[in-house]
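These notes concern the structure reproduced below.
Derivation of every value follows stated rules applied to the coordinates shown; laboratory data play no part. The structure presented is a predicted model; accordingly, all values stated were derived computationally and were not measured. All Cβ positions, glycine included, derive from the backbone under ideal geometry; neighbour counts span all protein chains shown.
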């Protein structure tokens with residue numbers, strides 16, 4: 001059974017809620033799913049997972065949530081080659097912050113690509129100004145993503 005790691009960066013729990021809501025969709029598609037609330041670079045390096053989904057909220061002026069900062073710092077310091085990493089990205093933000101909207105998700109996306117990772121499909125950006133519950137946008141996106149990227153293995 002292929003493995004999916006969901007790496008979460010959250011401040012108030014919204015990104016974790018998204019991860020928990022989409023987990024069953026991947027299980028139905030045939031994946032063994034693990035949610036990592038305190039992710040490490042080891043969760044994306046070494047071939048442990050066949051696929052990775054990032055659920056990351058943005059804080060402050062486009063910053064990473066505190067729990068996700070060590071992951072990003074280690075990724076920058078270790079600078080691993082991620083050419084075998086296939087991933088999806090759900091970024092949570094608030095468009096009232098202007099240019100920093102979904103800043104953490106956008107910065108993570110750029111960092112992963114710089115290290116050779118391959119994003120499957122487009123990044124989902126969920127705007128708190130338009131969507132009260134982020135999973136209302138994330139669940140249909142994941143359903144469509146699984147089909148569009150031909151990820152179903154069950």
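Figures for the structure shown
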| item | result |
| --- | --- |
| Over the chain: helical MRE at 222 nm, DSSP H runs n ≥ 4 each giving -39500 (n - 2.57), nearest 500 | -10500 deg cm²/dmol |
| Calculated diffusion of the chain, Stokes-Einstein form, Kirkwood radius summed over Cα pairs, 4 °C and 1.567 mPa s, µm²/s | 85 µm²/s |
| Ranked packing of 26-32, 112-118, most packed first, by mean Cβ within 10 Å | 26-32, 112-118 |
| Alpha-carbon Debye profile of the range 38-94, log10 I(q)/I(0) at 0.20, 0.25 Å⁻¹ | -0.81, -1.15 |
| Residue 81-residue 111 pseudo-label distance in nm [points 7 Å out on the Cα-to-Cβ vector] | 2.2 nm |
| Neighbour-count ranking [beta-carbon atoms within 10 angstrom, fewest first] of 119, 76 | 76, 119 |
| Potential lengthening between residue 1 and residue 48 on full extension [0.36 nm per residue; Cα-Cα distance subtracted] | 15.7 nm |
| Linear extension gain, residue 118 paired with residue 149, 0.36 nm per residue minus alpha-carbon span | 9.9 nm |
| Sites residue 38 and residue 95, calculated FRET efficiency, Cβ-Cβ separation with R0 30 Å, nearest 0.05 | 0.60 |
| Contact order relative to length of the chain, as percent, for alpha carbon pairs under 8 angstrom and 6 or more apart | 26 percent |
| Residues 3, 23, sorted so that the one with the fewest Cβ neighbours within 10 Å comes first | 3, 23 |
| Residue 28 versus residue 61: modelled label distance in nm, points set 7 Å from Cα along the beta carbon direction | 4.3 nm |
| The range 1-62-the range 104-122 distance, computed between alpha-carbon centres (Å) | 14 Å |
